[in-house]
Amino acid sequence: MAGGWSRDGAVNEQIEASIAEELERMRARRGPMGESLTHCAECDEPIPEPRRRAIPGVKLCIDCQAERDLRPVPRGGINRRGSKDSQLK
């Protein structure tokens, strides 16, 4: 595949690196691991037993988790496409 000024295979390496980063980001968001807490790590309210059984390793109460879920997730700002338009800027 012609890559312009890039060496052979560079485009595929960029694609694979982007996929690997996205998979790592997804793994990090997969959820809690380990033993569940009995009280929320942020507000110290009790975490209901059904929630602790349903989500092994839970650290936050429902309200704190809902608040955290609404926060924007920062994404990497790296442009790996290498388009000519991005190279001209």
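Side notes on the structure shown:
- Filter pass, Ser36 being among the polar types (S, T, N, Q) and either in a loop (DSSP other than H, G, I, E, B) or modelled with pLDDT under 75 (or both): yes
- Qualifying residue in the stretch 4-23 (condition: surrounded by 10 or more Cβ atoms within 10 Å (Cβ to Cβ), modelled with pLDDT of 90 or more and touching a strand residue (DSSP E or B) at 6+ places or on another chain (Cβ under 9 Å)): no
- Flag for Glu42 being part of a helix (DSSP H, G or I) and either surrounded by 10 or more Cβ atoms within 10 Å (Cβ to Cβ) or at pLDDT below 85 (or both): no
- Some residue of the stretch 82-89 being exposed (fewer than 10 other Cβ atoms within 10 Å of the Cβ), in a loop (DSSP other than H, G, I, E, B), of a type in the set (A, V, I, L, M, F, W, C) and modelled with pLDDT under 85: no
The values are calculated or read from the model by the stated rules, or taken from the named source; none is laboratory data. Please read all numbers here as calculations on a predicted model, not as lab measurements. So basically every Cβ, Gly included, is an ideal-geometry build from the backbone, and we count neighbours across all protein chains shown.
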